[in-house]
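**Q** Starting off with a structure, shown below.
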Amino acid sequence: MKCVICKHGETLPGLVTVTLTRDEAVFVFKGVPADVCQNCGEYYLSDEITEVVLSRAERSIANGSEVEIQRYAA
């Protein structure tokens, strides 16, 4: 797919680090599968991957985490 940010690069499957913040909480997910632009590095998560990452972040918030780093595993 053509990158919608830089409009020049094509995306290829790769792994990225996703950082989410909510209020004072910060969550980092490493090794997340994504389509990555080979020109600018912008990444695109599938709906399924996005749902998993957001669900894990919500669970961590419910458990009282303020800072958490996780390795993504399907």
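Here, each number is a calculation from the coordinates, and none is a lab measurement. Bear in mind that the values here come from a model prediction, so they are computed numbers and not experimental data. Using ideal geometry, Cβ is built from the backbone for each residue, glycine included, and neighbour counts are taken over all protein chains shown.
**Q** Please get the size of the charge dipole for the range 11-71, origin at its Cα centre, with Cβ charges of +1 on Lys and Arg and -1 on Asp and Glu, quoted in debye to the nearest 20.
**A** So the magnitude is around 240 debye.
**Q** Can you tell me the 0 to 90 degree angle between the C-alpha axis of helix 47-62 and the longest principal axis of the chain, rounded to 10?
**A** For helix 47-62, the angle is close to 20 degrees.
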